[in-house]
Structure formats: C-alpha cells, structure tokens
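Asks: One structure coming up, written as structure tokens, with questions to follow.
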Amino acid sequence: MRATTVRFSDDLWALLEAEASNQGISAAQFVRDATIMRLGMLSAHRGDEHASLTLESLASGALAGRAPTTATLDAERLAELQRTGLLDTPPDATYDRIAGLAARLASAPVALISLVDADRQFFKSCVGLGEPWSTTRETPLSHSFCQHALDSDTPIVIEDARVHPLVRDNLAIRDLDVVAYLGIPLITAAGHTLGTLCVIDHKSRTWTPEQIDGLQVLTTSVVAEIQHTLGTGQ
C-alpha cells in the first residue's frame, strides 16, 4: 500500500471534512472514494474493461466496510439485546466496577462495556471516556470498533488502529482518540454477541497475553449480569 500527501486549500479542506462528516466517514476515506469514482468514469470513457472491473471491486469493498455487518443487524441478536432492558439505562455500580477493574488490569485510560444496537453503540459503563461521549454514553456505528466483535468469538486485538485494515477509516480514531483497542465479545447463553468489554489507549501499544486473559475473565462477570437481567426480565 502506498501513502501520499496531497495539499488542499483551507476552504476546500473545510468543505471536504464537512461533507465527509455528513456521510459518516473520514476525510481520507472521502478522498479515496472520490478518486475511485473519478477513475471509474475515466476508464469507462476509454473502454478499459479491466480497469473498470478493478475499480468496481474497490468501490464495493469500500462501501461494504462502511455498512453495518450482517451480524450487527441479526434480528434474533437485536431482539435479545432489547430483552436485556439495558439500553439507555443509567450507570450501574456493578458494571462500573467491572469496567474500572478492566482499566486497571490493562493499565488503560479508557474501559467500556459497549452494547451494539442496529445503528449505534450504547455504553452501559464508560470509564475514562472524554466528553461529550461520557455524557451521551453512545456513538454511531461510524465510531464503533466494538461492532467488529459481533462477527467473532475471539478477542479483537488492535495495537495501532491508524494502520489496521479493519478500522483505519473509523471516525473513533479522530474523534475519540482511539489508537490501541482490546475488545472481548459479550456472548450470551443463546450464542448472541451483544457487545464487548473493551479497553482503549490513546497511543499504540502491545496488549499482553495476561491482559487479554484477565479481560476474558472479567467478561464472564459482565455476561453473568446480563444473563441475570434476561432471567429476571428486568
């Protein structure tokens, strides 16, 4: 992969950033998508079928990486998430205690218990999160790393999000200063992943096996609380 530097006037860059924000993507992704579209038009005009097919594939991949995943929109998963009754509820001392332990165990400035809805993630607990996010306690999926855990039953381990192909265009890097991320899926007895227990750092770092194992142990406590809520209907 090649990196390049392109200079924009301040006015043009402001317009570009505003439109990218409206689309829920980063300015870099907006520029990349616009480049793909322009090259596609030129190759089609020249009748270059090979180039057109390559660009069509690139465009499809860019859009696919932006859209909610199949797991995110799974009806049974979303139904169980709703049955927990945890969305949009006030902070809870039990969940906050677990998140605090996670932050200390991983020596991380931020820890979250994130529940991933169809179009947002809600933080049942957030330790060390900056404003306005610690007040709103949610972000759109354009700012969610946790959504990627829905497709996996193993930890999501990211040492530097800025260069990681899964999340390098995610707006959480810019807006929440998420650089390193470790997320453990919250998998219910029914087999649905509702979100993650995760820790975040504002600089690149290596997560140790002990930290990963420790977070997995804490995750069992989060899931036990969720299962209790499901069992009592509260």
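The values are calculated or read from the model by the stated rules, or taken from the named source; none is laboratory data. This is a predicted model, so every value here is computed, not measured. Every residue, glycine among them, receives a Cβ derived from its backbone with ideal geometry; neighbour counts consider all protein chains shown.
Asks: Out of curiosity, is Thr89 β-branched (Val, Ile, Thr), surrounded by fewer than 18 Cβ atoms within 10 Å (Cβ to Cβ) and farther than 18 Å from Val223 by Cα?
Replies: Details: β-branched (Val, Ile, Thr): yes; surrounded by fewer than 18 Cβ atoms within 10 Å (Cβ to Cβ): yes; farther than 18 Å from Val223 by Cα: no.
When the stated conditions are applied, Thr89 does not pass them.
Asks: Now for a different question. Say we look at region 160-177 and pick out the residues that are touching a residue at least 40 places away in the same chain (Cβ under 8 Å) and in contact with a Phe, Trp or Tyr (Cβ under 7 Å, 6 or more places away or on another chain); which of these is farthest from Val222 (Cα to Cα)?
Replies: The residue in question is Asn170.
Asks: What number of residues in region 203-219 are among the β-branched types (Val, Ile, Thr) and either within 15 Å of Arg83 (Cα to Cα) or loosely packed, with under 14 Cβ neighbours inside 10 Å (or both)? I'd like the intermediate steps shown before the answer.
Replies: Taking region 203-219 first, the residues among the β-branched types (Val, Ile, Thr) are 206, 208, 212, 217, 219.
Cutting the leftovers down to either within 15 Å of Arg83 (Cα to Cα) or loosely packed, with under 14 Cβ neighbours inside 10 Å (or both) gives us 206, 208, 217.
Final tally of qualifying residues: 3.
Asks: Can you find a residue in region 214-222 that is assigned by TED's automatic domain parsing to the domain that holds Pro109 and in contact with a Phe, Trp or Tyr (Cβ under 9 Å, 6 or more places away or on another chain)?
Replies: In the first step, residues of region 214-222 are kept if they are assigned by TED's automatic domain parsing to the domain that holds Pro109; the result is 214-222.
After this cut, where a residue has to be in contact with a Phe, Trp or Tyr (Cβ under 9 Å, 6 or more places away or on another chain) as well, the list is 215, 222.
Within region 214-222, one or more residues are assigned by TED's automatic domain parsing to the domain that holds Pro109 and in contact with a Phe, Trp or Tyr (Cβ under 9 Å, 6 or more places away or on another chain).
Asks: I've got another one for you. Would you point out which residue out of Ile226, Ile200 is in a strand (DSSP E or B), in contact (Cβ under 8 Å) with a residue 24 or more places away in the chain, in contact with a strand residue (DSSP E or B) (Cβ under 8 Å, 6 or more places away or on another chain) and surrounded by 19 or more Cβ atoms within 10 Å (Cβ to Cβ)? Talk me through it step by step, then tell me what you get.
Replies: Values: Ile226 fails: in a strand (DSSP E or B).
Sole residue among the options that is in a strand (DSSP E or B), in contact (Cβ under 8 Å) with a residue 24 or more places away in the chain, in contact with a strand residue (DSSP E or B) (Cβ under 8 Å, 6 or more places away or on another chain) and surrounded by 19 or more Cβ atoms within 10 Å (Cβ to Cβ): Ile200.
Asks: Which of (1) assigned to a strand (DSSP E or B); (2) of a type outside the set (Asp, Glu); (3) under 17 Å from Glu80 (Cβ atoms) does Ala189 not meet, given it meets every other one?
Replies: All conditions are met except number (1).
Asks: Still on this structure, I have one more. Could you list, in sequence order, the residues of region 81-102 that are within 14 Å of Thr188 (Cβ to Cβ) and touching a Leu at 6+ places or on another chain (Cβ under 7 Å)?
Replies: Matches in region 81-102: Leu81, Arg83, Thr84, Leu86.
Asks: Of everything in region 206-234, what is at pLDDT 95 or above and among the hydroxyl-bearing types (Ser, Thr, Tyr)? Give them in sequence order.
Replies: Selection gives Thr206, Thr208, Thr219, Thr220, Ser221.
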